[in-house]
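Structure, as structure tokens:
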Amino acid sequence: MDPLNAIHRRQFLGKVSTGLMGVGLSHLLARDTKGMHATPGLTHFPAKAKRVLQIFCPGAASHVDLWDHKPLLEKMDGKPLPGEENIVSFQGKNGPLMKSPWPFAPAGQGGKMISSMLPHMARHVDDMAFFHGMTSKTNTHGPGCIFVNTGHPTEGFPSAGAWLSYALGSMNDNLPTYVAIPDIRGEPPNGKANWSNGFLPAEHQALVLAAHQPIRNLDRPGAIGEAEERGTRDLLELLNRRHAAARASESTLQARINAYELAARMQLSAPEVSEFEAEPRYMHQLYGTDSPNTFKAAYARNCLLARRLLERGVRYVNLYCASRASGVDGKLNWDAHKTLKNDYERHLPIFDQPTAALLSDLKQRGLLDDTLVLWTTEFGRMPTRQLGKQGRDHNPDGFTLWMMGAGVKAGTQYGSTDAFGRRAEENPTSIWEFYSTVLHLLGLDFEGLSWYHNGLDRRLTDVHGRVIHDVLA
């Protein structure tokens, strides 16, 4: 008998509803994946990394005072910059060359020269891949920070963390996929645009969390019982989903529903993440959470929070060391125009021990095996002093970023600036190539991850990009 004729009319009609449910589910899944040239949660090819820690030092941390040793700069201290004797940069005319206020020293087995003001970070240079020929499209802090975080110098574009949230989804249903940890001194230049979802669905923006800034209203009021709260949630979920179904194009509404549901689950998970008292005493001493320097202690607690988030499955963590500029140059961030020596002797001790402790902690727990660590800043600084001052002006033409961890070739140096650190000379590199390499380590084709917006398939790397294979293990 023909199998088709074996299905009676009553049986067929009885199964139609099930089939329609499948069609509806397929439609919803298709809508959720719209614009992406990959399936959420799946990669284009095998990934080396599955989570990211991005450390950001706003204010443009000076490459020639931290990571990029220039012996000729020391030798020609006080003399004009050859070929650019009358150079005018962001804040005006420059004076003569200025060597770093502190000597550089060899670090690690490879003898990589870094600032002697970074004794704790020196322990990790053998694991790092330095990008010494970085360049930027802008020399202004706000657009510069946005450019490094989103691949675009203007607001309105998704951050790298939002792209990863969209592409790979969550690894923990009880914690956010993407977390931004601002410094106790304040938000970076351009604030929340640094961790925005841009035109991606709103659920992919970062949740802001810090040791000094806990999530509010997580505890259930004492007058409300557990059963009553559960019933209220169920009713609210029903009403929200009916409302959202009638407004399918409103991603902010769906994001708000998801946020409410996540908040309910976080009532149990989030307080546990922030229970620093559970950490042994030696761990607090390693990070420096007990430092009498209040800024250092606060940043150390944020570093400890970052590790606790990463080990619990948060996909992307943005960790900030410093904030937006203050009325006194260099007081709140790395923007040392006037008094670089005093400013960096304030910032370097805050940054050095806690950051190095975080890297050591991730390594000894085995988390670096599948965690990619990025160190970023918006641009570099001039090798000259500003005319009449003891600081350096902005330099987008050459600076340093680095990465380490999953899939990174340890002890690598890619690209270089000239003998003074003024311009990228060998293998100039853009943030687009940097992120192309990041996405590759996460198993994603930088050209295959996109979202259709305003007539274009938008990407983290804009219309550019190239994987730097020299830094891949």
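Values for this structure:
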| read-out | value |
| --- | --- |
| Check on Asp418, of a type in the set (D, E, K, R), at pLDDT below 95, surrounded by 15 or more Cβ atoms within 10 Å (Cβ to Cβ) and more than 17 Å from the chain's Cα centre (by Cα) | no |
| Pairs where the first residue, in region 185-199, is on the phi > 0 side of the Ramachandran plot and the second is of a type in the set (Lys, Arg) and buried (at least 18 other Cβ atoms within 10 Å of the Cβ), C-beta under 9 Å, 6+ apart | Gly186/Arg324; Asn190/Arg324; Gly191/Arg324; Gly198/Arg458 |
| Top-ranked residue of region 429-449 - restricted to ones that are surrounded by 20 or more Cβ atoms within 10 Å (Cβ to Cβ) and part of a loop (DSSP other than H, G, I, E, B), ranked as nearest to the chain's Cα centre (by Cα) | Leu442 |
| Selection within region 159-194 - buried (at least 24 other Cβ atoms within 10 Å of the Cβ), outside any helix (DSSP H, G or I) and more than 12 Å from the chain's Cα centre (by Cα) | Pro176, Thr177, Asp183, Pro188 |
| Residue in region 83-100 that is at pLDDT 95 or above, surrounded by fewer than 21 Cβ atoms within 10 Å (Cβ to Cβ), β-branched (Val, Ile, Thr) and part of a loop (DSSP other than H, G, I, E, B) present | no |
| Breaking point among (1) modelled with pLDDT under 95; (2) out of contact with any Ser or Thr (no Cβ under 7 Å at 6 or more places or on another chain), for Trp163 | (1) |
| Scan of region 142-158 for residues that are in contact with an Asp or Glu (Cβ under 8 Å, 6 or more places away or on another chain), in a loop (DSSP other than H, G, I, E, B) and surrounded by 24 or more Cβ atoms within 10 Å (Cβ to Cβ), ordered by number | Gly151 |
| Flag if Phe157 is modelled with pLDDT of 95 or more and in the same structural domain as Leu305 (by TED's automatic domain parsing) | yes |
| Selection from region 101-137 of residues that are of a type in the set (Gly, Ala, Ser), surrounded by fewer than 22 Cβ atoms within 10 Å (Cβ to Cβ), part of a loop (DSSP other than H, G, I, E, B) and at negative phi | Gly110, Ser116 |
| Tally of residues being surrounded by fewer than 24 Cβ atoms within 10 Å (Cβ to Cβ), in contact (Cβ under 8 Å) with a residue 24 or more places away in the chain and closer than 20 Å to Asn194 by Cα across region 311-337 | 4 |
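The values are calculated or read from the model by the stated rules, or taken from the named source; none is laboratory data. Because the structure is predicted, anything quoted here is derived from the model rather than measured. Quick reminder, even Gly has a Cβ in these numbers, built from the backbone with ideal geometry, and neighbours come from all protein chains shown.
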